[in-house]
1. Relative contact order (percent) for the stretch 3-171, with alpha-carbon contacts under 8 angstrom and 6 or more residues of separation?
2. For the stretch 191-343, just run the numbers: alpha carbon Rg, then divide by 2.2 N^0.38 Å, N being how many residues it has.
3. Return the whole-Å distance between the Cα centroid of the stretch 21-77 and the Cα centroid of the stretch 85-153.
4. How far apart, in nm, are two points set 7 Å out from the Cα along the Cα-to-Cβ line at residue 73 and at residue 57?
5. At 222 nm, what helix-only mean residue ellipticity would the chain give, in deg cm²/dmol to the nearest 500, using -39500 (n - 2.57) for each DSSP H run of four or more?
6. Roughly what % of DSSP beta bridges within the stretch 3-171 run antiparallel, to the nearest 5?
7. Once you put a point 7 Å from the Cα of residue 190 and another 7 Å from the Cα of residue 273, both along the Cβ direction, what distance in nm separates them?
8. When the chain is modelled as a GNM with alpha-carbon springs shorter than 10 Å, which of 336, 326, 107 fluctuates the most?
Amino acid sequence: MKRVVVISHSSIIEGPIEYYIKYLKKNNYHISTIDHPLNDYQDRFTIFDNQKKLIMTKRSNRLGTLNLLVDFFLSIKYVLNNRFDIFIGANNFDTFIGIFLKKIFLKKIAKIIYFASDYSEDRFKNILLNKIYYFVESICCKYSDLVISNTKRAEKKRIVFGLKKEKSLIVPNGVLLNKNKFDKKVINKANFIYVGSITNEHGLFNLIKNIYPLINKLVLIGYGDEWEAVVNICKNKHIKSELYYKKSHEFCINYLQNFNGFGLAPYNLNSKWTYYCSPLKVAEYISCGIPVIMSSVPEIAGYVKKSGFGIIFSKLNFDKISSDLKFFDTSNFNIKAKKFYNYYNQNYLYSKIKL
């Protein structure tokens, strides 16, 4: 049995790397994980899990960015003291550790996988940090045995950083439904739902401000620094709202499968990172039988428009969005959802990654 170690920096909300770890465990790989907190270290732990032993190291925000150095040495110590055939890094910083160990410490690692997922242009506000980020990215693109991007745009950018096409694989963010439920729904064009982070980059406040006359009911599941602003605009515009703060992923999927309106994915038209993103919420909406209203920024927008999975806007124009909504054909959307899920389900997508 191949022994696999996965190093990640995670937020409280699960993402693609957590889903991939679950996939590997389900398929009987021997998985060890090193999970560091992402951004916020307060009251959180670095967790080492090798299936037999769990080690939790308390972290603190007091060190600031120096925490990354602590993460680096904690990861190196753990990997050096254990045998692994395959090393997987969830971002360029984590992947660099595997390359460093193999090149400098001559650690025997059969395969290094950069589970790159998304890419962010000008990731930091600090010019020096951006230069370091690009340098680490180039090292990972050149020396990893396999680099996984979630969009063609991200892959194209990494080719500029030195990635060879033959060791590149595109795996978009996918969905895994506990129950394949594709029952026919009568879609209510006055009901809307938003699931996920509520920030300026995600653009929900500005969309509601623009199209509020179309909204009879809005369901909000998530959290973020614009949560209160969105809740308040719903009150001010007399929009009936249903609020769920920080709910589990299982709760979200179950709710979506029973919802009969449109999903909102209004990615900010000016944020650079959204240009490269593979939005999980869009895949979840459609797979759960919910057509979407989304901005034209993410790469998937072209596919959504071409295949009739939803409405795409390139600017916040009420008349245009209203007209598109009025004439959008919601009949037999469950059939479209099933077709979409056949490709975007995680089991199919992750099976493309050969260990």
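1. Result for the stretch 3-171 is 18 percent.
2. For the stretch 191-343, the normalised Cα radius of gyration comes out at 0.96.
3. 17 Å
4. 0.9 nm
5. Rounded to the nearest 500, the figure is -11500 deg cm²/dmol.
6. Roughly 25 percent of the DSSP beta bridges within the stretch 3-171 come out antiparallel.
7. Here the answer is 3.7 nm between the modelled labels.
8. Highest fluctuation of the listed residues: 326.
Taken together, the values in this text are just the output of simple stated rules run on the coordinates, not laboratory data. Here the structure is a predicted model, which means the values were calculated and not measured. Counting neighbours? That spans all protein chains shown, and the Cβs are built from the backbone with ideal geometry, glycine included.
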